[in-house]
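The values are calculated or read from the model by the stated rules, or taken from the named source; none is laboratory data. All values derive from a computational prediction rather than experimental measurement. Neighbour counts are summed over all protein chains in view; Cβ atoms, including those assigned to glycine, are modelled from backbone coordinates with ideal geometry.
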Amino acid sequence: MNKISSIIYGANAIITVVVERVRSPETSHHANGAFPKIVPEKVIMKNQWLNKFYLLISILCLALFLQAGCKTPAGYRSIADKTATDVIHKKQKEALGCTEEFSIDRPGDILRRRLLAEQNLPYSSSASLGTDKLQPVKYWPEKAYPAPGTSKDANILVESAKAVKLSLINALQVGAYNNAEYQSQKEAVFQAALGLDLKRQAFRNIFSTQAKSMFNADTTGDSTVKNIDTSGTAGVTRSLKNGIDLSGALAVDLAKLLTQGGSSTLGLSADATVSIPLLRGAGKHIASEPLTQAERNVVYQIWHFERFKRTFAVNIAREYFTVLRQMDSVANAQDNYRSAIASARWSRRRADAGRIREIEVDQAMQRQLSARNSWISAQAQLKDRLDSFKITIGLPTDAQIELDRNDLEQLRGRATKILEQIRSTPKSEKSTKPQNADSPIELVPASYEDAGPLEMDESVAIKLALEHRLDLYVAIGGVYDAQRNVVVKADALRAELTLGGSTKLADDDKDDSLNAKGGKHTALLSLDLPIERTQERNEYRNSLIELEQSTRTVQNLEDQIKLSIRNELRSLLESRESLKIQAESVVVAEKRVRSSTLFLEAGRIEIRDLLDAQDALLSAQNLLTQAVVNYRLAELELQRDIDVLKVNEQGLWQEFSPEEIDYVKHKE
């Protein structure tokens, strides 16, 4: 503010010198300090008028400098942020029925940056850490931008040389604050809101001001004639939503003072114009179409973002459980490798004692080598999938993280119950009377017995999807947009008839006031006949084609939605049946390994039989885990495809409760 005060003081001083310099000689002080000469009253009044304008200009300079001092780049950014946020909150209420926190400012302590620092990970430049860590370039407008901020994932503990443990909930939060595409989707919403504000600006009062001061020196004559022309203009324009354009301006020739002649003039003029379209371009539906489309674009972008959040959350869950499943595969491969080593050692001892053939030892050694290869391969696949998962949630691939196996154990709870039920079932209940070889074979299809809560009726699920899918909302809105575009393009084919008028008033020489008698008034009626409309004709035809395309887009999307719902319901059924089948396979494989071990020790079978039984157990265990994960992912994907999986601003989801379904309504 001290700098601003100095500038204002200097401006006032300059204005004082200029005004004193250009005053009439009759009113200026003598250099020797003598009293001024007595001058006519008219001259005194004119100088009083100049003094008033001098005061007015001083006030204007003060206001302009204060305006410039308050509207710094940071101030403009703050206004833009507030404007866009207000638009987004209003459109969220319109598009989603609720509002939530929204900001595109990326916090400075996101997990990605803390991992780079705490785990001493290599990076290429300060850009790897974030915008706030960049070295400011010359003339950088904001020293405090961007502000550090606090991330919602700041509660995740990061310790040097220790792996960060992430649960599924943590992973969802980390993805929302660290994933680059997630941030880009938020910025797209923000930019759409700014675009809407710009379209609204076209229908607001737009004020403009300009001031000019020009010094002229004419040396063509015997003596040099110098003068200063100072003028200022202030105007306002307004476009109405029905197509009418209004504008007005006030111009002041503040001082055109001849320093040698001692004369002065003060000019004041005002003008106003109006333009009214009568045919082409007339009407609210035509003139305000860009604003209407901008309003709808913000809603579309919010729907796109919500749809992205739900898809993104399910993708995180899929990759998260894929990593956990691979971790389980590594554990199974490790157990299998240990078992293969034990079998090889056992066979070696038996061969040395002459109780088995040497070829059986070779078979055991081959299985040991195969088991080792599978174990090493499983470990490599785990690292690959873990690195891919890090990329998905926006973390460096060389960061040390580990996932919480408890999330998989919770999923396996259902499989564990099935296993316990199978193991505890008495043999009398399991056995059935042997069927005659010629008896007809009855195949039992998959049933909905013990079906999960989301395995709903297909027609109900499809109707729910058609009611909730946000991308379908966008596609249907696109049809309406295309219809409006046809109307606009058809309007462009019409003749253009515009009624215009303007008036200009100038000051009166007698009292320096605006006088309508001395003004100029004009009226204009212009007509542009639709003789040449080749471009407009082609645009109109293309608009009809685009309407057909947008209609087909809705139809194709509907078919894709129905297909995805049907596939997900089938996947749920298949995964649940597979879970029960694989659970039975595990029990059978466990029994087979136990019996094979006993028979081998009794010499009733060869080592190959035991090795095959162990391989079958490993495969059954892996397939059981896969079935558990597949069923859970099918539940999430069905909720995603119906668009009933809600995800908040922190990336956390709220799952759909099937109890909320009005089955009678959706089956009608």
Taking the criterion of being outside any helix (DSSP H, G or I) and more than 47 Å from the chain's Cα centre (by Cα), would at least one residue in region 588-602 satisfy it?
yes
Tyr139 vs (1) among the hydroxyl-bearing types (Ser, Thr, Tyr); (2) over 20 Å from the mean Cα position of the chain (by Cα); (3) within 12 Å of Arg114 (Cβ to Cβ): all pass except (3)
Report yes if Tyr337 is aromatic (Phe, Trp, Tyr), modelled with pLDDT of 90 or more and within 35 Å of the chain's Cα centre (by Cα), otherwise no.
no
With the requirement that a residue be among the hydrophobic types (A, V, I, L, M, F, W, C) and either loosely packed, with under 12 Cβ neighbours inside 10 Å or under 15 Å from Ser160 (Cβ atoms) (or both), what does region 108-131 give you?
Leu111, Leu115, Leu116, Ala117, Leu121, Ala127
Looking at Lys199, Lys165 in this structure, which one is modelled with pLDDT of 90 or more and part of a strand (DSSP E or B)?
Lys165
Could you list, in sequence order, the residues of region 223-247 that are part of a strand (DSSP E or B), more than 24 Å from Leu268 (Cα to Cα) and over 48 Å from the mean Cα position of the chain (by Cα)?
Val225
Hits in region 455-498 - residues which are hydrophobic (A, V, I, L, M, F, W, C) and under 30 Å from Ser571 (Cα atoms)
Met456, Val460, Ala461, Ile462, Leu464, Ala465, Leu466, Leu470, Leu472, Val474, Ala475, Ile476
Residue among Arg106, Arg113 that alone is in a helix (DSSP H, G or I), at negative phi and of a type in the set (Lys, Arg)
Arg113
Residues located in region 402-422, provided they are surrounded by fewer than 17 Cβ atoms within 10 Å (Cβ to Cβ) and acidic (Asp, Glu)
Glu402, Glu409, Glu420
Taking the condition of being among the aliphatic types (A, V, I, L, M) and surrounded by 14 or more Cβ atoms within 10 Å (Cβ to Cβ), how many residues in region 206-239 meet it?
5
Residue hits (region 343-358; of a type in the set (A, V, I, L, M, F, W, C) and modelled with pLDDT of 90 or more) are Ala344
Out of (1) under 43 Å from the mean Cα position of the chain (by Cα); (2) of a type outside the set (Lys, Arg); (3) under 24 Å from Leu278 (Cβ atoms); (4) surrounded by fewer than 11 Cβ atoms within 10 Å (Cβ to Cβ), what's the single condition that is false for Asp559?
(3)
